[in-house]
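What follows is calculated from the coordinates using simple rules that are stated; it is not laboratory data. Note that this is a predicted model, so its numbers are computed, not measured. Neighbour counts are summed over all protein chains in view; Cβ atoms, including those assigned to glycine, are modelled from backbone coordinates with ideal geometry.
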Amino acid sequence: MTNDLTWIEISSKNIKHNVSALRNLIGGNCLLAPCIKGNAYGHGLEGVAKIVAESQVDWICIDSFTELQIIRDQGVNLPVLIIGTIQKELIAAAAALNASFLIFSLDDAKQISEQCALEHQTAKVHLKIDTGMSRRGVMPSKALETIRSINGLKNIEIEGIGTHFATSEYVGNTHFFKEQFNVLTDLLSTLKSQGICAKYIHSSNSGATIRYPGSHFNLVRPGLSIYGYFPNKEIKKWSNQKGIQLKPSLTLKTRVSGLKTIPESCCVGYGCTMKTRRDTDVAILPIGYYDGLDRGLSNYGYALISGRRAKIIGQISMNVTVVDITGIDDVSIGDESVLIGCQGEEEITAEEVAGQLGTINYEVLTRLREGIPRYYI
Ligand SMILES: Cc1ncc(COP(=O)(O)O)c(C=O)c1O
């Protein structure tokens, strides 16, 4: 039992289950490169890096040099692909820590080449092709020319070619996925006809890893699914019908820090947004928007206490939330309360919270304050 007032428990077993489930989907000839950026989608970078390093994972995708340093400090020596932008000054240091870089333009390649030349290093890069997301990456029409130019640079070597899908998780929209996929495969054929091939070809995020085996090539980059969540309800339903089961791995917990009964017609919280209509038993929870409990859940969301749902009443404050526990017996100070996850027979999923906030489970999870202690069990 922890002494913390608010903490997060991560099930290592469930993450390992999800790794195996994805591994089964991709088969033995494809490398698994989970994304553990964004503090491992809120699950804690250091802890998750160690868990995946003990699982059947081949590579790790991260966003930044800072994340690279953290995982190397943990003794995790798996190959790493930095999929975010890297500052010029950190390129050589990242290459020295044996990271490969996802690059988005010839200018990126030139900068990496120059920086690595200064340190007598050679960087490995993966060129991102913009097949339709219109975000980062080289336009397909410029790809051949860009690759030829990069091949002419010193201290840099193209190790991979990749793209990113905009709609792979939208079950009702296969059309745009196919367009992007065809752009990539057409380009790969053109490159092949010119004698150009890269060691790694990758395109699949969680949606494509789950739905489109043809898009796996020889490396996949799933993020959210590693932690046990599906990108949306439709793909969850689709996957469950196909027998693909993922197990959510995060539980956000706090402890009841106060109990009282307030009379009818009492205001609760800042702005008096809620007025009691009866004598109301409340529990005070030492968690607030500072921790990532979004104010949008005020007067709307729930906490679990004694295995029952207790409605959040009044505005969520920075560090405090009040819940209505009328009718829930035997609540004591120090009792555990769950804001995301299971307690007894009840569950508050990240998806439920996301639905209440009009956002996606990705945001709910990654918003959880980095400083909340995380325990891997
Ligand atoms: C380039 C890239 N690849 C893979 C992923 C993983 O996506 P998901 O979490 O949907 O699996 C992301 C996520 O943002 C990404 O930016």
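Below, the figures for the structure above:
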quantity	calculated
Residues (over 22 Å from SER337 (Cβ atoms) and surrounded by 18 or more Cβ atoms within 10 Å (Cβ to Cβ)) located in segment 238-283	SER239, ILE244, LEU246
Which numbered condition SER317 misses (of (1) under 22 Å from PRO373 (Cα atoms); (2) over 33 Å from the mean Cα position of the chain (by Cα))	(2)
THR167, sole failed condition from (1) under 30 Å from PHE230 (Cα atoms); (2) in contact with a helix residue (DSSP H, G or I) (Cβ under 7 Å, 6 or more places away or on another chain); (3) part of a strand (DSSP E or B)	(3)
Residues located in segment 342-377, provided they are in a strand (DSSP E or B) and not β-branched (Val, Ile, Thr)	CYS342, GLN343, GLU346, GLU347, ARG374, TYR375, TYR376
Condition check for ASN18: within 13 Å of the ligand (Cβ to nearest atom) and part of a helix (DSSP H, G or I)	yes
